[in-house]
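Scroll down for the structure; my scribbles are underneath it.
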Amino acid sequence: MNDLQEDISLSLYEAKMFKVLLLNDDVTTMDFVVQILMDIFHYDIEKASQIMLEIHHLGRAVCGIYTEEIALSKQRQVINAAIKADFPLEVELEEV
């Protein structure tokens, strides 16, 4: 293995991964959360509904695990959609 191949393999293992979590609140509707899970995280209606119920009952749930750049992008998309819809939906990132 040459130096370039070694550098490439090392950089593949160094990518930090982050959980994207949605938090429960008393204002954001369940329908809106399901729509966010379908539109931004690309879940089908059944899986989105299951995650929404987990958020509702447990206070938060993991919506996906991504590299830092993608996780930050998903977080921004959720925040922008929530602001546009006038909901206080919160989204957190947690390093894996």
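The values are calculated or read from the model by the stated rules, or taken from the named source; none is laboratory data. It should be emphasised that the depicted structure is a prediction, and the values quoted were computed from it without experimental measurement. Here Cβ is always computed from backbone atoms with ideal geometry, including for glycine, and neighbour counts include all displayed protein chains. Note: accessible area is taken over every heavy atom of the protein model, side chains too, but ligands, DNA and RNA are not part of it. Shrake-Rupley method; radii C 1.70, N 1.55, O 1.52, S 1.80 Å.
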Which condition does His42 not pass, out of (1) surrounded by 17 or more Cβ atoms within 10 Å (Cβ to Cβ); (2) not in a helix (DSSP H, G or I), if it passes all the others?
-> (1)
Mind checking which pairs have a first residue in region 51-69 that is outside any helix (DSSP H, G or I) and a second that is open to solvent by 90 Å² or more (accessible area, probe 1.4 Å), Cβ under 7 Å, 6 or more apart or different chains?
-> Ile65/Val96
Pairs returned, first residue in region 13-28 that is farther than 20 Å from Glu68 by Cβ, second residue that is β-branched (Val, Ile, Thr) and not in a loop (DSSP other than H, G, I, E, B), beta-carbon separation under 7 angstrom, 6 or more apart or interchain, are Asn24/Ile55
Select from region 83-96 the residues that are open to solvent by less than 90 Å² (accessible area, probe 1.4 Å) and either touching a strand residue (DSSP E or B) at 6+ places or on another chain (Cβ under 8 Å) or of a type in the set (Asp, Glu) (or both) and list them in ascending order.
-> Leu89, Val91, Glu92, Leu93, Glu94
Pairs with Cβ under 8 Å, 6+ apart, first in region 70-96 and touching a residue at least 24 places away in the same chain (Cβ under 8 Å), second basic (Lys, Arg) and open to solvent by 70 Å² or more (accessible area, probe 1.4 Å) = Glu92/Arg60; Glu95/Lys16; Val96/Lys16
Answer residue from region 3-28, given it is β-branched (Val, Ile, Thr) and either open to solvent by 60 Å² or more (accessible area, probe 1.4 Å) or modelled with pLDDT under 95 (or both) and is farthest from Leu89 (Cα to Cα) among those = Ile8
